[in-house]
Amino acid sequence: MPFTLASTSEPYFFRSGVWAATWRLGLAYWLSYLALNTVLWGMAGVSPIESFPGKLVALSFCASVTLGMTVILYRLRSQGFAKRALVSFGMAAAATPAFLAVDHVIHSVAIYPKPVPFDMVYLGYSTIEGLALFFGWSCLSVALLYSVEVRDRERLLAMTREEALNAQMRALRYQVSPHFLFNTLNSVASLIEDGASARAGKMVLSLSTFLRTTLALDPLQDVSLGEELALQEEYLDIERERFSDRMKLEIAVSPFVRTARVPSLILQPLVENAMKHGVGSTVGQVTVRISAEQSGDRLVVVVENDMPTQAPVGRVVQGAGIGLRNVEDRLRARFGDEGRFQSGVDQPGRYKAVVDLPWRVA
């Protein structure tokens, strides 16, 4: 099937830019021929000024023929190269006698009333000239159509890749909400079991507000780091209902760094991880610290938390893999090799997760 971006109908010839490209190429091709022909015949003693009207008529005829040849080759764009090459040569051979006839008429008008003398050598040269001109144009036309097709295929491939990337990012983004929802509902259930119904009710209201905010976000739109931190503070307000006496939050981010752009909810799994494996697994007060800084053309965001000291340095906490892989996958899908993520036990009793991504502001 012939390749098009939207339709196989012939108006695509005009929509795709083939028409405009053909005109530009034709103008350059025939003006170059006119200049070269004028110089060569001038060297042979023919006046460029006196011969110009005849050359203009011949040029107009050749341009019209080659335009028709391009249309035919466009209709054959789905055929193999050998067939198009054969058709190109056939069209060049068919157009050459017409070229010779036009040249004869122009010559006859130029020397009227004298008759045009028959010159076999001139006829042979003119035949070779016509074949070369028309076949050369056919080759250029095939190359032009091929380049347009390649460009459109690349554009279609880019569009397909972008749609696939968008779908992947949506899938990764929406993995966050169920994970957080399950954890929070489990906390609500625990509070109810402990008889803290008022705190459970407050947590449900906070959860409703948080979910309303997060579900309104477009998963493919970035937010400022300040907005992302505000969302995480809302989440931590929910968790404070469980750990109000043991959780301490520190946020060390300057107003300027808060203007940087980050994927929405990219910190959510990291903060969840800090709560689950830090606050939830440690006896005594636990500090959760979020910091960020600009490092050259990079934004580095760090989420740290206290944790049990028995975990060896460098090791990822068991059970934290899903959320952390989610962050890493989202960064890779969004930024490719420019998105980096590291996590693990930084020192005894201290866990650190680092998001490293290109610095961008609105």
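The table for this structure:
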{"read-out": "Asp306 among the charged types (D, E, K, R), surrounded by 15 or more Cβ atoms within 10 Å (Cβ to Cβ) and modelled with pLDDT of 95 or more", "value": "no"}
{"read-out": "Residue match in segment 192-215 (condition: hydroxyl-bearing (Ser, Thr, Tyr) and under 16 Å from Pro269 (Cα atoms))", "value": "yes"}
{"read-out": "Qualifying residues in segment 309-362 (those that are over 22 Å from Val288 (Cβ atoms) and assigned to a loop (DSSP other than H, G, I, E, B)) - the one modelled with the lowest pLDDT", "value": "Ala362"}
{"read-out": "Flag for Ile238 being touching a residue at least 60 places away in the same chain (Cβ under 8 Å) and either in a helix (DSSP H, G or I) or out of contact with any His (no Cβ under 8 Å at 6 or more places or on another chain) (or both)", "value": "no"}
{"read-out": "Extreme residue, farthest from the chain's Cα centre (by Cα), among residues of segment 342-362 that are of a type in the set (A, V, I, L, M, F, W, C) and closer than 21 Å to Glu328 by Cα", "value": "Val345"}
{"read-out": "Evaluation of Thr282 against (1) modelled with pLDDT of 80 or more; (2) outside any strand (DSSP E or B); (3) polar (S, T, N, Q) (one fails), failing number", "value": "(1)"}
{"read-out": "Residues of segment 245-260 that turn out to be under 21 Å from Thr214 (Cα atoms) and either buried (at least 19 other Cβ atoms within 10 Å of the Cβ) or at pLDDT below 85 (or both), as a count", "value": "1"}
{"read-out": "Total residues in segment 199-228, condition in a helix (DSSP H, G or I), hydrophobic (A, V, I, L, M, F, W, C) and out of contact with any helix residue (DSSP H, G or I) (no Cβ under 7 Å at 6 or more places or on another chain)", "value": "3"}
{"read-out": "Lone unmet requirement of (1) surrounded by 21 or more Cβ atoms within 10 Å (Cβ to Cβ); (2) modelled with pLDDT under 80; (3) not β-branched (Val, Ile, Thr) for Leu267", "value": "(2)"}
{"read-out": "Selection within segment 58-69 - within 19 Å of Leu100 (Cβ to Cβ) and either surrounded by 15 or more Cβ atoms within 10 Å (Cβ to Cβ) or outside the structural domain of Asp103 (by TED's automatic domain parsing) (or both)", "value": "Ala58, Leu59, Phe61, Cys62, Ala63, Val65, Thr66, Met69"}
{"read-out": "Selection count where residues are out of contact with any helix residue (DSSP H, G or I) (no Cβ under 6 Å at 6 or more places or on another chain) and in a helix (DSSP H, G or I), scope segment 59-85", "value": "12"}
{"read-out": "Complete set of residues in segment 106-156 that are surrounded by 11 or more Cβ atoms within 10 Å (Cβ to Cβ) and of a type in the set (Ser, Thr, Tyr)", "value": "Ser108, Tyr122, Tyr125, Ser126, Thr127, Ser138, Ser141, Tyr146, Ser147"}
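The values are calculated or read from the model by the stated rules, or taken from the named source; none is laboratory data. What you see is a predicted model; the values in this text were computed from it and never measured. All Cβ positions, even for glycine, are placed from backbone atoms using ideal geometry, and neighbour counts span all protein chains on display.
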